[in-house]
Amino acid sequence: MSAAGSATRGPGTATLRPAVHEIVLVNPPYERIAAGYEFVRHVTNRSPSLGLLHLAALAREHGYRVSIVESDVEGLDERAVVERIVAKAPRYVGITLFTVGVWSAAAIARGVRNALPGATVIVGGPHVSSMGRETLERFPEFDLAVNGEGEWALVELLRTLEAGGDLGAIAGLLWRDGDAVRENAARPIPQDLDDLPMPAWDLLAGFPDAYLPAIYDYPRGPVATIAASRGCPFHCKFCDTSTFGARVRAYSPARVVEMLRHLHERWGVRHVMFVDDLFLASRVRVTEFCERLIASGLPVTWTCAARVDTVKPGILALMKRAGCWEISFGLETGSNALLAAMDKVARVERSEEAVRWTHAAGIRTKGLFMLGYPGESAETIRATRDFVRRIPMDIMNLTKFTPYPGSPIYVDLYGTKIRPEDWRRMNGMRFVWSPEGLSVEALDRAYQRLLLAFYFRPRVVHHYVKLTLRHPTHLARLLRFVAGYARAKARSLASGRRGLLVEGAESLP
Ligand code: B12
Ligand code: SF4
């Protein structure tokens with residue numbers, strides 16, 4: 001099948017190609033902050049899509065003109081994103097897809113297609129890696145989809161499109177052949193990450209200041225993210241590992257330090273968040289990284305995520321010396337029965353030991369928990385509450401259990417049945433499913449109570465007061481949040497409304 005026949009449409013194509021080599025990469029809007037609650041933005045996470053930064057860097061290196069639209073950070077809704085794209089009249093539009101963003105991405109693609117019938121819309125990202133075929137079948141707005149890691153696939157695809165070559169020959173591609181969706185063989189997994197250029201941070205509007213993580217999740221800005229490795233060999237049942245697969249591959253420690261140096265010297269970055277699934281997959285690599293970072297003298301702190309069974313006092317002490325500020329652990333629950341049901345290897349006792357060791361090393365700990373996993377009950381919720389109150393953890397992150405496509409539990413719960421109507425609700429902040437014996441309402445109440453049980457204690461409050469005073473950036477964000485809340489409250493009182501929600505605000509099913 002030739003590229004010209006399948007991926008481009010309409011007779012007007014040739015005249016609507018003012019910039020043949022331009023691609024606009026889009027992180028669609030995800031935030032569904034109801035009108036009236038906009039002040040919440042002052043404290044939420046504004047990290048960019050690292051995937052788009054990687055794609056942009058390699059495409060640029062191959063001669064394409066690339067721009068990036070970070071919708072939420074730039075405050076753009078779907079209509080504004082379409083206007084931004086149309087103004088550039090690109091030949092290609094690439095959209096990154098999380099499950100929760102599919103509908104929004106489809107609305108953007110529709111708008112682009114209407115205004116620029118010659119443009120080709122390509123999608124990729126975690127949702128495509130698990131639901132590529134279903135997504136193309138359901139959303140005719142998307143022309144092409146790339147499965148898995150996208151850097152080399154995108155460059156090959158753009159070249160093939162321009163040469164009118166054979167789409168059937170591009171590994172990892174899903175494409176349309178008349179009414180049928182064809183899925184090519186998977187791409188060999190790239191082994192050497194050092195081959196990749198540095199992420200194209202210079203293409204982000206307002207980088208680095210506009211891209212702060214959530215309040216209290218970093219000591220001081222500016223902040224940037226890096227994925228120093230890809231892949232995870234474990235199979236926790238709630239986790240979608242379809243993009244990077246089971247084999248862990250990593251940048252060399254020297255290259256990671258080079259990235260930190262670039263971020264610090266070029267952009268003044270003072271804190272880096274490593275977003276690897278398993279930063280501590282290799283103790284040898286992390287040891288070398290820490291030693292190199294210490295030797296470099298760079299004044300940069302960092303955070304990472306680790307499994308509880310990969311930390312030991314020795315490596316923690318070294319990480320602390322190298323500037324590690326916080327480690328996130330997937331603790332999930334205080335119930336061993338639930339940990340077993342999730343196919344987690346570690347048990348509560350090991351989690352507790354890891355948190356204590358990390359705390360003793362002087363590194364903050366963030367516990368990632370979920371509520372509502374199959375098997376959750378009043379008893380397991382109590383066990384989690386007791387657990388979070390007894391361990392010396394600093395931040396508790398509680399998500400509402402969501403069976404993401406691509407995770408083994410999705411198949412257990414839904415079989416092979418696709419539930420696209422749930423996709424747009426899958427942001428980890430809504431229960432789209434509840435275990436037997438517990439209603440969504442009961443889970444919502446338990447959710448509030450668990451967070452209060454952890455945070456409203458003298459030790460934790462004292463910790464946050466200290467943190468706020470030591471790092472005034474948080475104080476500034478907090479004050480903007482409080483001022484925004486006060487303004488919203490005053491407006492709602494003045495208009496005779498009882499709540500902050502502005503009428504007509506979007507509500508999801
Ligand atoms: C950092 C991170 C975040 C950050 C930044 C998100 C972002 N926009 O990138 C924050 C904290 C904001 C976040 C939030 C959420 N996240 Co998150 N996040 C991650 C994490 C840990 C790393 C992502 C990353 O940077 N990877 C490295 C880069 C290089 O990879 P990448 O972005 O996937 O891009 C590559 C490919 O996907 C592909 N690609 C991507 N886009 C495109 C586009 C085109 C056109 C092409 C051709 C290719 C392509 O090529 C890229 C380069 O190889 C992943 C876990 C993981 N292993 O990926 C979870 C993960 C992506 N998150 C997940 C989820 C569920 C969420 C939330 C919905 C809920 C939650 N858990 O908090 C929210 C809300 C989403 C949102 N955007 O607001 C799931 C996604 C599952 C799904 N099917 O949707 C993941 C996979 C975790 C998991 N294992 O379950 N997340
Ligand atoms: S939760 Fe962490 S350890 Fe488990 S499969 Fe996902 S990335 Fe790997």
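List, please: which pairs have Cβ atoms under 9 Å, are six or more places apart or on different chains, and start with a residue in segment 420-436 that is part of a loop (DSSP other than H, G, I, E, B) and end with one that is of a type in the set (Asp, Glu) and open to solvent by less than 20 Å² (accessible area, probe 1.4 Å)?
Once the first residue is part of a loop (DSSP other than H, G, I, E, B) and sits in segment 420-436, its partners that are of a type in the set (Asp, Glu) and open to solvent by less than 20 Å² (accessible area, probe 1.4 Å) give Val432/Asp422; Trp433/Asp422; Ser434/Glu376; Pro435/Glu376.
Take segment 273-297 and flag every residue that is among the β-branched types (Val, Ile, Thr) and within 23 Å of Gly314 (Cβ to Cβ). Before the answer, list the steps.
As a first pass, look at segment 273-297 and keep what is among the β-branched types (Val, Ile, Thr): 275, 284, 286-287, 294.
Within segment 273-297, Val284, Val286, Thr287, Ile294 qualify.
I'd like the full set of residues that are more than 12 Å from Leu158 (Cα to Cα) and either free of Cβ contacts under 8 Å to residues at least 12 places away in the same chain or hydroxyl-bearing (Ser, Thr, Tyr) (or both), limited to segment 51-82.
Ser67, Ser71, Gly75, Ala80
Residues Val112, Val86, Val102: which one is within 22 Å of Leu53 (Cα to Cα), in a helix (DSSP H, G or I), in contact with a Gly (Cβ under 8 Å, 6 or more places away or on another chain) and open to solvent by less than 50 Å² (accessible area, probe 1.4 Å)?
On the way: Val112 fails: in contact with a Gly (Cβ under 8 Å, 6 or more places away or on another chain); Val102 fails: in contact with a Gly (Cβ under 8 Å, 6 or more places away or on another chain).
Just a single option satisfies the conditions, and that option is Val86.
Looking at segment 163-190, I want the residues that are within 19 Å of Leu55 (Cβ to Cβ) and have a partner that is among the β-branched types (Val, Ile, Thr) and in a strand (DSSP E or B) with Cβ atoms under 8 Å, at least 6 apart or on another chain. Which pairs are those?
Partner pairs satisfying both residue conditions: Gly172/Val146; Leu173/Val146; Leu174/Val146; Leu174/Val181; Trp175/Val181.
For segment 323-334, which residues satisfy the criterion of being open to solvent by 10 Å² or more (accessible area, probe 1.4 Å) and more than 17 Å from Leu278 (Cα to Cα)?
Within segment 323-334, Gly323, Gly334 meet the criteria.
Quick check on segment 255-281: of everything there that is within 22 Å of Thr310 (Cβ to Cβ) and free of Cβ contacts under 8 Å to residues at least 40 places away in the same chain, which residue is nearest to ligand 2 (Cβ to nearest atom)?
Looking at residues that are within 22 Å of Thr310 (Cβ to Cβ) and free of Cβ contacts under 8 Å to residues at least 40 places away in the same chain, I get Leu280.
Would you pick out the residues in segment 283-310 that are of a type outside the set (D, E, K, R), over 20 Å from Arg266 (Cα atoms), away from ligand 1 (no atom under 16 Å from the Cβ) and in contact (Cβ under 8 Å) with a residue 40 or more places away in the chain?
Selection gives Phe289, Val308.
Pairs under 7 Å by beta carbon, first residue in contact (Cβ under 8 Å) with a residue 60 or more places away in the chain in segment 230-246, partner within 11 Å of ligand 1 (Cβ to nearest atom) and of a type in the set (Val, Ile, Thr), six or more apart or different chains?
Lys237/Ile409; Phe238/Ile409; Gly245/Ile189
Using the structure shown, decide if Tyr410 is open to solvent by less than 60 Å² (accessible area, probe 1.4 Å) and at pLDDT 85 or above. Working first, answer last.
On the way: open to solvent by less than 60 Å² (accessible area, probe 1.4 Å): yes; at pLDDT 85 or above: yes.
Answer is yes for this residue.
The values are calculated or read from the model by the stated rules, or taken from the named source; none is laboratory data. Quick caveat, the model's predicted, so the values are computed rather than measured. Neighbour counts are summed over all protein chains in view; Cβ atoms, including those assigned to glycine, are modelled from backbone coordinates with ideal geometry. Keep in mind that these areas ignore ligands, DNA and RNA; they rest on the heavy atoms of the full protein, side chains included. Shrake-Rupley method; radii C 1.70, N 1.55, O 1.52, S 1.80 Å.
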